[in-house]
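Trainee: Can you keep this structure in mind? I'll have questions shortly.
The values are calculated or read from the model by the stated rules, or taken from the named source; none is laboratory data. Keep in mind it's a predicted model, so treat the numbers as computed, not measured. Glycine gets a Cβ as well: all are built from the backbone with ideal geometry, and neighbour counts include every protein chain shown.
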Amino acid sequence: MSRNFVKIVLMLLRQPIPCDLLSHPLLDQKQVALQVLRLDQVHPEVSGNKFFKLRYNLQEALDQNHQQVLTFGGAYSNHIYATAAAAKEVGLAAVGIIRGESLDSKNPTLNFAKSAGMRLIGVSRTQYREKSQPAFLELMRQKFGNFYLIPEGGTNTFAIQGAREILSSSQSDSSHVLVPIGTGGTFAGIAASIFSHQKLLGISALKGEGIRDEITKLLRAESIQTNGSIELVTQYHQGGYAKWTAELISFIHWFWEKFDIPLDPIYTGKMAFACWDLLKKNHFPPGSRILMVHTGGLQGNRGFTQRTGIVLPTPVL
């Protein structure tokens, strides 16, 4: 089993990360430039921000001589999918604790995780809420043996360390950087790495204003003081986490037709929708150079189709 995860995975990372410059009359009218940083293309299976959030977590697991990792997620979780693939790649066993006792045999996310060797355990929503409690984790150790714990969504200090590396000097000419927010780890890592002239906009996928306190706590806990400025945008959640509207679905199809870039309805679709609406509302001054960070998550489109019957543009995985 290889112990040099970072070296192995860096060989598979597309360098430089593709960055698409978009062309549209609205952009010309508003006198702004818009690019999309394609993290969805950095790795065939450990896609998007998950690549960066997992790399140092798995390196730490290997450095501590663990034989397996344990993590948590919903039935269609990008994190579960990516963790299963990454753990297999470096020779670690993986256990996924899934919210919900019934594991659908037709679920494409869980089927992939299982095929990658992840052991899947469904627990009740009540049990799942106890996932960070010492008693629950001790029960997991009794059941599965010793493991390296990766939190739900992957967000911890090691994840933020990886997310700090998403932006490079080639993006230094951007005036605004947009990223979707779930658990906040990717936002925090980018907040730590933006330049003084840049503004980071986090587009929340969650309903409500509670994300503001969560981000404040996360930045404080990680001692992050951004060189630039940050703004949290909370009005584009489309009804809440994993919720969607017909308007959002239409926009995702429109975006694909115009720019040949697939989006998902959970994170990146809401971010791009927000960006386009803010453009129309003159949120960005003339001369702005906007960078949207495409955080991947496209594997979830297949599960979305399974649940809703709505087909979304999805690349072959």
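Trainee: Under the condition of being of a type in the set (S, T, N, Q) and touching a residue at least 40 places away in the same chain (Cβ under 8 Å), which residue from region 78-130 is nearest to Gly297 (Cα to Cα)? Lay out the reasoning, then the answer.
Mentor: Our first condition is that a residue be of a type in the set (S, T, N, Q); within region 78-130, this holds for 78, 83, 102, 105, 107, 109, 111, 115, 124, 126-127.
Then drop every residue that is not touching a residue at least 40 places away in the same chain (Cβ under 8 Å), which leaves 78, 83, 107, 109.
Values: Asn78: 6, Thr83: 13, Asn107: 15, Thr109: 11 Å.
By that ranking, first place goes to Asn78.
Trainee: Go through region 197-224 and give me each residue that's in a loop (DSSP other than H, G, I, E, B) and of a type in the set (A, V, I, L, M, F, W, C).
Mentor: Taking region 197-224 and keeping what is in a loop (DSSP other than H, G, I, E, B), we get 197-198, 205-209, 222-224.
Of everything in region 197-224, those that are in a loop (DSSP other than H, G, I, E, B) and of a type in the set (A, V, I, L, M, F, W, C) turn out to be Ala205, Leu206, Ile224.
Trainee: A follow-up question, please. All but one of (1) surrounded by fewer than 19 Cβ atoms within 10 Å (Cβ to Cβ); (2) under 21 Å from Ala163 (Cβ atoms) hold for Val123; which doesn't?
Mentor: Single failed check for Val123: (2).
Trainee: Against the condition within 30 Å of His24 (Cβ to Cβ), of a type outside the set (D, E, K, R) and part of a loop (DSSP other than H, G, I, E, B), how does His66 come out, does it pass?
Mentor: On the way: within 30 Å of His24 (Cβ to Cβ): no; of a type outside the set (D, E, K, R): yes; part of a loop (DSSP other than H, G, I, E, B): yes.
No; evaluated as a whole, the condition is false for this residue.
Trainee: Separate question: Among the residues that make up region 226-234, is at least one of them exposed (fewer than 13 other Cβ atoms within 10 Å of the Cβ) and either in contact with a helix residue (DSSP H, G or I) (Cβ under 8 Å, 6 or more places away or on another chain) or closer than 14 Å to Ala205 by Cα (or both)? Steps first, please.
Mentor: Of the residues in region 226-234, the ones exposed (fewer than 13 other Cβ atoms within 10 Å of the Cβ) are 227, 231.
Right, trim to either in contact with a helix residue (DSSP H, G or I) (Cβ under 8 Å, 6 or more places away or on another chain) or closer than 14 Å to Ala205 by Cα (or both) and you get none.
No.
Trainee: Additional query: Quick one: Ile194 ticks every box in (1) outside any helix (DSSP H, G or I); (2) not assigned by TED's automatic domain parsing to the domain that holds Tyr236 except a single one, so which number is it?
Mentor: With (1) outside any helix (DSSP H, G or I); (2) not assigned by TED's automatic domain parsing to the domain that holds Tyr236 applied to Ile194, the lone miss is (2).
Trainee: Exactly one of these conditions fails for Ser250: (1) touching a Lys or Arg at 6+ places or on another chain (Cβ under 8 Å); (2) surrounded by fewer than 14 Cβ atoms within 10 Å (Cβ to Cβ). Give me its number.
Mentor: Condition (1) is where Ser250 drops out.
Trainee: Have a look at Tyr76, Tyr81 and point out the one that is over 20 Å from Asn57 (Cα atoms), crowded, with 19+ Cβ neighbours inside 10 Å and touching a Phe, Trp or Tyr at 6+ places or on another chain (Cβ under 8 Å).
Mentor: Working: Tyr81 fails: over 20 Å from Asn57 (Cα atoms).
Result of the check over Tyr76, Tyr81: Tyr76.
Trainee: When you scan region 176-199, do you find a residue that is at pLDDT 95 or above, under 24 Å from Ala221 (Cα atoms) and among the basic types (Lys, Arg), even just one?
Mentor: Yes, the conditions are met somewhere in region 176-199.
Trainee: With respect to Ser102, determine if the residue is outside any loop (DSSP other than H, G, I, E, B) and either of a type in the set (Asp, Glu) or over 26 Å from Ala61 (Cβ atoms) (or both). Reasoning before the result, please.
Mentor: On the way: outside any loop (DSSP other than H, G, I, E, B): no; either of a type in the set (Asp, Glu) or over 26 Å from Ala61 (Cβ atoms) (or both): yes.
It is false that Ser102 is outside any loop (DSSP other than H, G, I, E, B) and either of a type in the set (Asp, Glu) or over 26 Å from Ala61 (Cβ atoms) (or both).
Trainee: Which one is nearest to the chain's Cα centre (by Cα) among residues in region 225-252 that are in a strand (DSSP E or B) and β-branched (Val, Ile, Thr)? Write out each step before concluding.
Mentor: Filtering region 225-252 down to residues in a strand (DSSP E or B) leaves 229-233.
Okay, now just the ones that are also β-branched (Val, Ile, Thr), so 230, 233.
Working: Ile230: 19, Val233: 17 Å.
Top of the filtered list is Val233.
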